[in-house]
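Written out below as structure tokens is the structure these notes cover.
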Amino acid sequence: MTSEITVETRDLTAADERLVERARAATESAFDPERWGGAHLVGAALRTTDDDVYAGVSLPASVGRASMCAEPVAFGAAVADGATRFDAVAAVRHPLPDEDRGFEVVPPCGACRELIVDYGEDVDVVVPHDGDRRKATASALLPTRNW
């Protein structure tokens, strides 16, 4: 017997679409195809409950463990500015120069999911779902978390 975990998703609002666009703009402005094999592949945008938006980009490093995902960089910018309550986050992947694809929303990795939940279980996370962009709460993306 297998058990399947399902995640409830919801439609994006106009504000969510703007958040996706801000994440795309962040990765587009930071992308460098000559450095690190295409540095800053992911951009993230984080909206606070006051509708302020903070952006971050992934930070590759020569020592893999020192690399940073875009979501914690965006959270760090927000927290450094005094923000404490968060509404939604989106991350967008920049295509590599040799790829025949466009910018695309990407889900947060497991560590980033944990971080997002730590800053707000009800933070909405924009995720790809069945070929569309949808949103789910951060806690829904960690359905077996028990702490």
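The values are calculated or read from the model by the stated rules, or taken from the named source; none is laboratory data. Keep in mind that what you see is a predicted model, and the values were worked out from it rather than measured. Methodologically, a virtual Cβ is constructed for each residue, glycine included, from the backbone with ideal geometry; neighbour enumeration extends over all protein chains shown. SASA here: full protein model, heavy atoms, side chains in, ligands and nucleic acids out. Shrake-Rupley method; radii C 1.70, N 1.55, O 1.52, S 1.80 Å.
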>> Compute a Gaussian network model of the chain, connecting alpha carbons closer than 10 Å, and tell me which residue from PRO108, PRO128, PRO97 fluctuates the most.
In response: PRO97
> Who wins for biggest fluctuation among ALA15, ALA25, ALA136 in a Gaussian network model of the chain, springs between alpha carbons below 10 Å?
Replying inline: ALA15
> Based on Cβ point charges of +1 for Lys and Arg and -1 for Asp and Glu, what charge dipole magnitude is obtained for the chain about its Cα centre, in debye rounded to the nearest 20?
Replying inline: 300 debye
>> How tilted is helix 70-80 with respect to the longest principal axis of the chain? Cα atoms for both, answer in degrees (0 to 90, nearest 10).
In response: 80 degrees
>> Compute a Gaussian network model of the chain, connecting alpha carbons closer than 10 Å, and tell me which residue from ASP100, ASP118, ASP16 fluctuates the most.
In response: ASP100
> With axes computed from alpha carbons, what is the tilt in degrees of helix 14-30 against the longest principal axis of the chain, rounded to the nearest 10 within 0 to 90?
Replying inline: 30 degrees
>> Can you compute the helix-only [θ] at 222 nm over the chain? Use -39500 (n - 2.57) per DSSP H run of at least 4 residues, normalise by all residues, nearest 500 deg cm²/dmol.
In response: -8000 deg cm²/dmol
>> Considering just Cα atoms, how many Å³ per residue does the convex hull of the chain enclose?
In response: 142 Å³
> Ignoring ligands, DNA and RNA, what percent of the 1.4 Å accessible area of the stretch 3-131 is carbon and sulfur?
Replying inline: 47 percent
> How much of the DSSP beta bridge set in the chain is antiparallel, as a percent to the nearest 5?
Replying inline: 90 percent
> Measuring from label point to label point, each 7 Å out along Cα→Cβ, what is the ARG101 to ASP132 span in nm?
Replying inline: 2.1 nm
> Which value, in Å² and to the nearest 10, is the accessible area of GLU21 when all protein chains are kept and the probe is 1.4 Å?
Replying inline: 90 Å²
